[in-house]
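Since the structure comes first, as structure tokens, the remarks are kept for the end.
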Amino acid sequence: MSLSLLERVERFNYDYAEALNQRRFAEWPDFFAADHCDYRVLSRENHDADLPAPLLGCYTPGMVKDRVEMLIKDTLTYRHMYLRHYITNVRADTAADGVIVSRANLLVMQSDLEGNSSIYMVGRYEDVLAEIAGELKLRKRHVIVDSFSIDNMLAVPL
Amino acid sequence: MSLSLLERVERFNYDYAEALNQRRFAEWPDFFAADHCDYRVLSRENHDADLPAPLLGCYTPGMVKDRVEMLIKDTLTYRHMYLRHYITNVRADTAADGVIVSRANLLVMQSDLEGNSSIYMVGRYEDVLAEIAGELKLRKRHVIVDSFSIDNMLAVPL
Amino acid sequence: MSLSLLERVERFNYDYAEALNQRRFAEWPDFFAADHCDYRVLSRENHDADLPAPLLGCYTPGMVKDRVEMLIKDTLTYRHMYLRHYITNVRADTAADGVIVSRANLLVMQSDLEGNSSIYMVGRYEDVLAEIAGELKLRKRHVIVDSFSIDNMLAVPL
């Protein structure tokens, strides 16, 4: 079974979402290229005004690993919620230099153990992916957030 | 026009959703294999803890038919709401024995006749499909729910 | 890279959503066929009861252009919100006369500048597209709404 480029990028995103939603945080760094990394969470307001200051940024693979270290050890104190990523509107194009430029919309819902759900985050991904040894890897993931549950949004990767 | 495997599974899910959202409940059993059926609704908490007790289960095609009998006759007393299924993050793989293993995320919104919408259900599908006489049919659909509007969630199939 | 018909229709929808979400309203008329236009917003209740009166309708390309004129000039007084379209469950079929009949589910979230998100609109698209000079264009877009934030839903196109 061969997948189209779009199907491959979608699959990449859905595997990424599942790893986060199932709290397999140790897998998160593997979604990024080993030699390059630019993961940022930016507010839509700042992004649209060309104000580059992110809410959070990881600029090296080491920073990405550090980011989830505490989550893997589960020593961070924050309210555990079930999260679920709905990734839609996925678009992917191959750029002149062979990298894949992709965008998608992201809706994350949170649910507590009493069975109540609410909106956790509304936003989008702006990504650059490269194929490395036959696998897609993120060279850049900018998460542009329209809104967020500010009390715990930055506790886990988006 | 030939569809990829993923496109076929997506189409199957979207047709399924439309049948339910348009209250064509008599069609629901036709989405399942005639010789085999395993439809369950499970809480994410129980599922993750390997506690197999479902909130609801249909284990034979006859049980599936029984499940919607009252809905078709519309004799069940419950609050009618407009429902809409948003199915995203669809993944599909062919297993060694030829069946299709598929997963997807599911968000169901409910709307009342006054035009107010709210979250009805947050969760995911874990499915096994088989191609029977050229058509995809469910051999298994487990609906793992993160949360739900408990007052009427089990009135209609998910 | 060649796209499947479904991928082309999805891409069309996602480009359309981005233009609206980024407030590039001047582009909106270009998504419609230059010689034919049928854009309507209808309530699900009326649509299901075969009551054809729309909440809003544009029946010529000129009406479509007029519709966004005030938005382009930004002279309309209404509360600005960030909007985001989640388009899912996209299906597309080629009809006997060569046009493409397509349906999709649509969830629009709104976010204010304080970072609060809420449901803006729940509904679906019922579309007819034609390929004109190599590009897909809408000949018909009916937006069937289950519910909506009535105070400002009709200010911007859906």
Output the residue which, of all residues in the range B:1-55 that are more than 10 Å from chain C (Cβ to nearest Cβ), of a type in the set (D, E, K, R) and part of a helix (DSSP H, G or I), is least open to solvent (accessible area, probe 1.4 Å). B:R44
Of the residues C:D97, C:D93, which single one is free of Cβ contacts under 8 Å to residues at least 12 places away in the same chain and outside any loop (DSSP other than H, G, I, E, B)? C:D93
Going by the structure shown, is C:Y14 in contact with a Cys (Cβ under 8 Å, 6 or more places away or on another chain) and closer than 20 Å to C:I132 by Cα? no
Residue tally, condition under 29 Å from B:S111 (Cα atoms) and either in a helix (DSSP H, G or I) or open to solvent by 30 Å² or more (accessible area, probe 1.4 Å) (or both), over the range C:57-75: 5
Do you know which residues across the range B:100-143 are out of contact with any Asp or Glu (no Cβ under 6 Å at 6 or more places or on another chain), hydroxyl-bearing (S, T, Y), in contact (Cβ under 8 Å) with a residue 12 or more places away in the chain and within 25 Å of C:S118 (Cβ to Cβ)? B:S118, B:Y120
Matching residues, the range A:120-148, being in contact with a strand residue (DSSP E or B) (Cβ under 7 Å, 6 or more places away or on another chain), among the charged types (D, E, K, R) and surrounded by fewer than 21 Cβ atoms within 10 Å (Cβ to Cβ): A:E126, A:K137, A:R139, A:K140
When the range B:91-141 is checked residue by residue, the ones that are closer than 27 Å to B:A34 by Cα and of a type in the set (F, W, Y) are B:Y125
Answer yes if at least one residue in the range C:94-110 is at pLDDT below 95 and touching a Leu at 6+ places or on another chain (Cβ under 6 Å), and no otherwise. yes
Those residues of the range C:100-117 which are surrounded by fewer than 16 Cβ atoms within 10 Å (Cβ to Cβ) and in a strand (DSSP E or B), in sequence order: C:V101
Under 6 Å by Cβ, and 6 or more places apart or on different chains, what pairs join a residue from the range A:37-50 that is under 18 Å from A:V122 (Cβ atoms) and in contact (Cβ under 8 Å) with a residue 60 or more places away in the chain with one that is open to solvent by 60 Å² or more (accessible area, probe 1.4 Å) and not in a strand (DSSP E or B)? A:V41/A:L55
From the residues in the range A:101-118 that are more than 8 Å from chain B (Cβ to nearest Cβ) and aliphatic (A, V, I, L, M), which one is farthest from C:Y120 (Cα to Cα)? A:V101
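The values are calculated or read from the model by the stated rules, or taken from the named source; none is laboratory data. The model shown is predicted, which means the values in this text are computed figures rather than measured ones. Don't worry about glycine lacking a Cβ; one is built from the backbone with ideal geometry, like all the others, and counts go over all protein chains shown. Remember, those area values only see protein heavy atoms, side chains included, never the ligands or the DNA or RNA. Shrake-Rupley method; radii C 1.70, N 1.55, O 1.52, S 1.80 Å.
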